[in-house]
Amino acid sequence: MATEIVRTLVEDDKSLLLRRVGEHLELVLGNVVLLSSAALETELAFGRMAREPLERARIAGGAAPRVLVGGLGFGATLRGVLDVASAASEVVVVEKLRAVVDVARVEAAELVGGALDDPRVELCRADVADVIAGAPPASLAAILLDVDNGPEWASFRTNARLYAEAALARARIALAPGGVFAVWSGYAADPFVRTLRKAGFVPRVEPLHERGVVRARAYVGVVP
């Protein structure tokens, strides 16, 4: 399969490579593929998992329901949320890499599909762990994390803290009753179900399909 180097980006003295492999776009750091457009259907489905908690928040009334998306990527998770969010909803997408935002607005703009310009969307350049920790109690309908290959395969060493019990406890505080915490994973990570349960969530695992084949999973915790 032909590989085309599109450009090199530098972030915090690290070189990231944007390349096209066949019909797919990839952002690579060293030997680690940070982003790929090969499984965007799974990410769209992942984003649409915000439907139920947003509906619960609408019925409960109060402030405009808010969803926190960890990781911009090529915009598929964000687009999935927007597919099911009402006009009154607010979606905060948190991305710590300037290079990802740059690619999303240029080479991947067609994939992102204008989602960043949607009036419901706020783009926050930060570490999503810090944003969750600073969120007011019960202020979020859903937290959807699509920042790594899964809870046991962090793309950056510092991301591992996102899946620890202390971070899950903070996420649970930030979520409203009936709120959803979900992690996209490209592999089976069933021990994480126990971690979710210990943190006070009601856990479940949802398969995510790409062209009819299970290519990823969502590890979901619901606030009782």
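Computed from the coordinates by the stated procedures, all read-outs in this text should not be read as laboratory data. None of these values were measured; they are calculated from a predicted model. Heads up, the Cβs are rebuilt from the backbone with ideal geometry, glycines too, and the neighbour counts pull from every protein chain shown.
For percent of Cα pairs over 31 Å apart, one of (i) 29; (ii) 23; (iii) 16 was computed from the structure I shared and the rest are decoys. Which label? Here the calculated entry is (iii).
Overall shape: oblate for segment 67-143, with the ratio a/c of the largest to smallest alpha carbon gyration tensor axis at 1.5 or above and b/c at least equal to a/b. Here each label is just a point 7 Å from Cα along the line to Cβ, and for residue 165 and residue 205 those points are 2.1 nm apart. Taking 0.36 nm per residue of separation and subtracting the current Cα-Cα distance, fully stretching the chain between residue 190 and residue 20 would add 58.0 nm.
Potential lengthening of the chain between residue 32 and residue 109 amounts to 25.5 nm, from the contour at 0.36 nm per residue minus the alpha-carbon distance. As a proxy for reagent exposure, 49, 1 were ordered by neighbouring Cβ count within 10 angstrom, fewest first; the result is 1, 49. With a simple spin-label model that places each label point 7 Å from the Cα along the Cα-to-Cβ direction, the separation between residue 59 and residue 4 comes to 4.9 nm.
Put simply, the amide H of residue 208, placed in the peptide plane, has neighbours under 5 Å in 215, 216, 217, 218, leaving out anything fewer than 5 places away on its chain. Note on the chain: helix-only mean residue ellipticity at 222 nm, from DSSP H runs of 4+ residues weighted -39500 (n - 2.57) and normalised by residue number, equals -7500 deg cm²/dmol. Reducing segment 152-178 and segment 62-80 to their Cα centroids gives an inter-centroid distance of 16 Å. The coefficient of translational diffusion for segment 91-220, derived via Stokes-Einstein from the alpha carbon Kirkwood radius under 25 °C and 0.890 mPa s, stands at 156 µm²/s. Based on Cα contacts under 8 Å between residues 6+ apart, segment 75-177 shows a relative contact order of 27 percent.
Considering only beta bridges that DSSP places wholly inside the chain, some 65 percent are antiparallel.
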